[in-house]
Structures are given as structure tokens and as C-alpha cells.
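Written out below as C-alpha cells is the structure these notes cover.
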Amino acid sequence: MRRALELAATAGVPLGPNPRVGCVILAPDGTTLVEGFHEGAGTKHAEAAAIATAQERGIDLTGATAVVTLEPCNHTGRTGPCALALIGAGVGRVVFAQSDPNPEAAGGAQTLRDAGIDVEHGLMAAESEDLNRVWSFALTHQRPFVTWKLATSIDGRSAASDGTSKWISSRAARIDTHRLRGLADTILVGTNTVEVDDPQLTVRDADDRPIADQPLRAVMGMRELPARSRVFDGSAGTVHLRTHEPAEALAQLFARERRHVFLEGGPTLAAAFFRAGLVDEVVTYVAPVLLGAGRNAVDDLGIHTITDAAHLRVTDVTVIEADGEDTCVRITMTTHGTALHGLSTHEED
């Protein structure tokens with residue numbers, strides 16, 4: 001199973017509506033016969049990829065054991081059901097880690113059992129769920145997982161009093177932000193951010209080169225946007241979500257098979273999502289600078305006393321530094337299972 005998880009986490013697999021899955025098929029004596037992993041939407045699923053390799057090499061899979069990180073699917077989408085593919089290949093046993101949370105694809109385990117195949121599940125389930133935490137959350141809650149990213153001074157300002165903010169964080173922090181952008185399939189801002197800052201909202205590597213598989217650029221708000229805005233430059237897909245309601249925006253993105261939203265809007269948009277209980281993770285870059293005045297990182301959350309403060313749980317603290325630059329601290333927090341007094345709350349996913 002560890003090897004199957006390594007295959008599932010293969011670098012370069014495009015992010016999108018499908019989970020990351022790995023498969024290892026073993027001979028009755030425990031030796032590895034073939035391996036496979038899912039390479040992105042529209043390609044063979046991990047089990048089908050492994051079976052195809054076996055067919056190409058003339059390897060008989062009769063009585064073999066398939067070890068898979070996710071319950072074999074039971075439906076026909078862009079590809080056929082993996083449960084039926086395993087039955088057709090003649091495997092005698094299937095061990096999988098995580099049950100499929102997608103109601104359209106679940107049920108593969110029972111299909112396999114009905115065909116007389118021995119099925120076991122739950123082996124390293126936590127590791128598989130962690131690998132696909134965003135996808136699992138989206139399928140379970142029927143909306144994208146939302147990561148809110150912000151950069152602030154140590155006194156909580158996102159811009160100086162004259163409005164300047166572009167370089168509040170270090171270059172190393174900006175490179176790290178692009179890395180995190182690349183882990184999402186959607187970057188979301190409001191119309192005001194587009195009008196004022198005119199961001200391109202693409203993902204670039206450490207050498208400032210655009211990556212091949214760009215997230216969707218989503219702009220939320222009712223106002224018309226200038227056609228010359230850089231979000232319309234053709235370097236990535238763009239959608240204008242004509243709504244002020246966070247839940248409606250996420251519903252539209254989920255309908256487009258988007259599973260992970262990287263929220264980079266200003267303080268007004270951030271407050272709207274947070275007040276609606278629709279922020280799942282917060283990533284903040286804290287620069288070692290003081291401004292004393294200027295724009296707050298987030299607008300009014302409706303919290304008027306310290307006892308009603310929104311308490312988040314810190315999951316990671318990383319010091320980001322580079323030669324000749326200010327050190328920056330990245331703090332990652334989750335809202336799941338935390339007390340957000342007066343706001344919508346989450347249960348652990």
C-alpha cells in the first residue's frame with residue numbers, strides 16, 4: 001500500500017475533478033506484477049492502467065491481489081468501471097485504503113464481493129484520505145474546499161495608508177505563494193481586486209516562468225470588467241461569477257468540476273466567505289514590518305467582544321527566508337473543528 005500511495009502522489013499529475021490513485025497488483029507469492037496510477041481526467045484509472053500494462057506484457061493476473069489506494073469505482077464516466085475491469089482481469093483479492101465518498105462512483109467493493117472476489121478495506125486509509133483531502137472534502141460537502149491566503153504586516157495590515165501593498169511580503173514568500181496556487185484548481189478574487197490591482201492570477205515557477213497546467217481564474221462580483229484586464233489575457237481560463245453570495249459562487253465552481261479554491265481577494269471578499277463559514281483553511285504570510293495604519297487584512301466579521309473571537313487551529317508554521325531578504329513566516333490554520341462564535345461552524349472532514 002505504501003508503494004501504491006507513492007504512485008498516487010506522482011509529481012506532474014494535473015489537478016482537477018478526479019482523485020489521485022495508485023495501484024499495485026501482486027502475484028500469489030507477493031511479488032509485484034504491475035503498477036499503475038491515474039494521470040488525470042480522461043486517462044485510465046490506476047487499476048485500468050495496471051491491467052493494460054499486464055496485457056501489453058502478457059502477464060496473467062488470475063488469482064492476483066490488487067492493492068489500491070481508493071475503492072475501485074463502480075460507474076462509467078470518461079472511462080469504464082474499475083470494479084468490472086478487475087473482475088474481467090481475474091484477480092482474486094482486492095485491498096483498498098479509502099472508501100469512495102463519491103455517491104456516483106461508490107459501490108465497487110460490493111460489486112467485487114458479488115463476483116466472488118475477496119475484498120478488504122481500511123489499510124492506510126488515513127494516508128489515502130490525507131493525499132486526497134481536498135477532493136474528499138469537496139465530494140462529501142458538495143462544494144470546493146476553500147483556502148484563504150493573505151499577506152500582512154505584524155500589526156495586521158495588508159496595505160499602507162497610501163494604498164501601496166505590492167511588496168509587503170518577500171520574494172521568497174511570493175514564490176511560495178505560487179507553489180500553493182499550483183496546488184489548487186481555481187484562484188478566486190473579487191471585481192475590485194481586478195479593477196485596482198489588475199493581477200494576472202497565473203502560476204509561475206521560481207524562475208518566473210508560467211507552469212503548463214494553470215488553475216481557472218475566477219472573478220466574483222456584478223460589475224463589468226475592463227476587457228484589457230490581465231485576467232482576460234488568454235494565458236489561463238477565466239470565468240466571471242456574477243454574484244455577491246459566496247455559497248452561490250462555490251456552487252457555480254463545483255458545477256464546473258472545481259474542487260479547490262485559492263481565495264486571494266481583498267478584505268471584503270475574505271470577510272464575506274469567513275462570515276458565511278466557507279473558509280476551510282487559512283494561509284497567512286506575516287512579514288516582519290510595522291505599518292501602524294492602512295488597510296486591515298480582513299473587514300468586519302461581526303465580532304464585538306474577545307469571548308466571541310474566531311479561534312483557528314494552527315497546523316503548520318514555516319519560516320521562509322532567502323539571502324538578502326526579510327524573513328517571512330507562513331502560518332497555516334484550519335477552521336474545521338474550531339469554535340467560530342457567531343459564525344457558521346465546520347465539523348472535522
Here the qualifying pairs (Cβ atoms under 6 Å; residues six or more apart or on different chains; first in region 260-284 and under 15 Å from Asp300 (Cβ atoms); second β-branched (Val, Ile, Thr) and open to solvent by 20 Å² or more (accessible area, probe 1.4 Å)) come out as Gly266/Thr193; Pro267/Val298; Ala270/Val298; Ala271/Val298
Contact list, first residue from region 22-35 and of a type in the set (S, T, N, Q), second anywhere and open to solvent by less than 50 Å² (accessible area, probe 1.4 Å) and modelled with pLDDT of 95 or more, beta-carbon distance below 9 Å, six or more apart or interchain, is Thr32/Val24; Thr32/Ile25; Thr32/Leu26
Residues of region 231-283 being touching a strand residue (DSSP E or B) at 6+ places or on another chain (Cβ under 8 Å) and on the phi > 0 side of the Ramachandran plot, in sequence order, are Gly277
Among the residues of region 294-316, the number that are of a type in the set (A, V, I, L, M, F, W, C) and assigned to a helix (DSSP H, G or I) is 1
All conditions in (1) at pLDDT 90 or above; (2) open to solvent by 20 Å² or more (accessible area, probe 1.4 Å); (3) of a type in the set (D, E, K, R) are true of Asp207 except (1)
In region 3-60, anything among the basic types (Lys, Arg) and either surrounded by 13 or more Cβ atoms within 10 Å (Cβ to Cβ) or closer than 20 Å to Gly182 by Cα (or both) is listed as Arg3, Arg20, Lys44
Taking region 69-79 and keeping residues touching a His at 6+ places or on another chain (Cβ under 9 Å) and either open to solvent by 20 Å² or more (accessible area, probe 1.4 Å) or more than 25 Å from Glu127 (Cα to Cα) (or both) leaves Thr79
- Return yes or no: is Val319 without any contact (Cβ under 8 Å) to a residue 40 or more places away in the chain, assigned to a strand (DSSP E or B) and hydrophobic (A, V, I, L, M, F, W, C)? yes
Scanning region 80-106 for residues that are within 18 Å of Asn132 (Cβ to Cβ) and surrounded by 16 or more Cβ atoms within 10 Å (Cβ to Cβ) gives Cys82, Val95, Phe96, Ala97, Gln98, Ser99, Asp100, Pro101, Asn102, Ala105, Ala106
Among the residues of region 212-239, the number that are touching a Ser or Thr at 6+ places or on another chain (Cβ under 8 Å) and open to solvent by less than 70 Å² (accessible area, probe 1.4 Å) is 12
Of (1) assigned to a loop (DSSP other than H, G, I, E, B); (2) among the small types (Gly, Ala, Ser); (3) more than 23 Å from the chain's Cα centre (by Cα), Ala106 fails just (3)
Within region 111-127, the count of residues that are within 20 Å of Thr79 (Cβ to Cβ) and either open to solvent by 60 Å² or more (accessible area, probe 1.4 Å) or not in a loop (DSSP other than H, G, I, E, B) (or both) comes to 2
So, Leu61, is that one free of Cβ contacts under 8 Å to residues at least 60 places away in the same chain and in a loop (DSSP other than H, G, I, E, B) or not? yes
Within region 330-349, of all residues that are in contact with a helix residue (DSSP H, G or I) (Cβ under 9 Å, 6 or more places away or on another chain) and at pLDDT 90 or above, the one surrounded by the most Cβ atoms within 10 Å (Cβ to Cβ) is Thr335
For the structure I just gave you, tell me whether Val134 is among the β-branched types (Val, Ile, Thr) and either in a loop (DSSP other than H, G, I, E, B) or buried (at least 22 other Cβ atoms within 10 Å of the Cβ) (or both). yes
Only one of (1) open to solvent by 20 Å² or more (accessible area, probe 1.4 Å); (2) assigned to a strand (DSSP E or B) does not apply to Ala66, and that is (1)
When region 135-189 is checked residue by residue, the ones that are of a type outside the set (A, V, I, L, M), more than 24 Å from Leu225 (Cα to Cα) and touching a Ser or Thr at 6+ places or on another chain (Cβ under 6 Å) are Thr152
Item to complete: Tell me, please, whether a residue that is touching a strand residue (DSSP E or B) at 6+ places or on another chain (Cβ under 6 Å) and open to solvent by 40 Å² or more (accessible area, probe 1.4 Å) can be found in region 301-308.
Response: no
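The values are calculated or read from the model by the stated rules, or taken from the named source; none is laboratory data. In this text the structure is predicted, and so the values were computed from the model without any measurement. So basically every Cβ, Gly included, is an ideal-geometry build from the backbone, and we count neighbours across all protein chains shown. Just the protein is used for accessible areas: all its heavy atoms, side chains included, with ligands, DNA and RNA removed. Shrake-Rupley method; radii C 1.70, N 1.55, O 1.52, S 1.80 Å.
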